[in-house]
């Protein structure tokens, strides 16, 4: 299984790529769906992987916060990493500039806006199961709506 980081701004490009490859793209199930039918959700995810379908989902905010804090500590403690960070920032600027030359299709732009984004990526569901964290995440997501 491969994982890629895709921002919401890059979703239309991902849709175009999947259309070109004739490869289906499906959203990850929400925490509510996992709580209601865990076995069914895992069956559908495994079936999607077996059929070479791409399942997309979001990262949990607590994982992002934890990792970003640790990354900041590492960067601040090493001058060599600071130089690499500047290099990566420059490469990302170039990527962003080159992306402007290749626009996604109008259909993909429209479809990307309609895609559900609330499902937690399946990679993170295992760490939340067997605890009250999944229930808490589902509850907090309902509050945001």
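The values are calculated or read from the model by the stated rules, or taken from the named source; none is laboratory data. Worth saying up front: this structure is predicted, and the values here are computed from it rather than measured. With ideal geometry, Cβ positions are generated from the backbone for all residues, glycine too; neighbour counts draw on all protein chains shown.
A few comments on the model shown:
- For residue 57, the test of being surrounded by 12 or more Cβ atoms within 10 Å (Cβ to Cβ), touching a residue at least 12 places away in the same chain (Cβ under 8 Å) and under 24 Å from residue 124 (Cα atoms) is passed.
- Residue in segment 11-33 that is part of a helix (DSSP H, G or I), within 15 Å of residue 124 (Cβ to Cβ) and modelled with pLDDT under 90 present: yes
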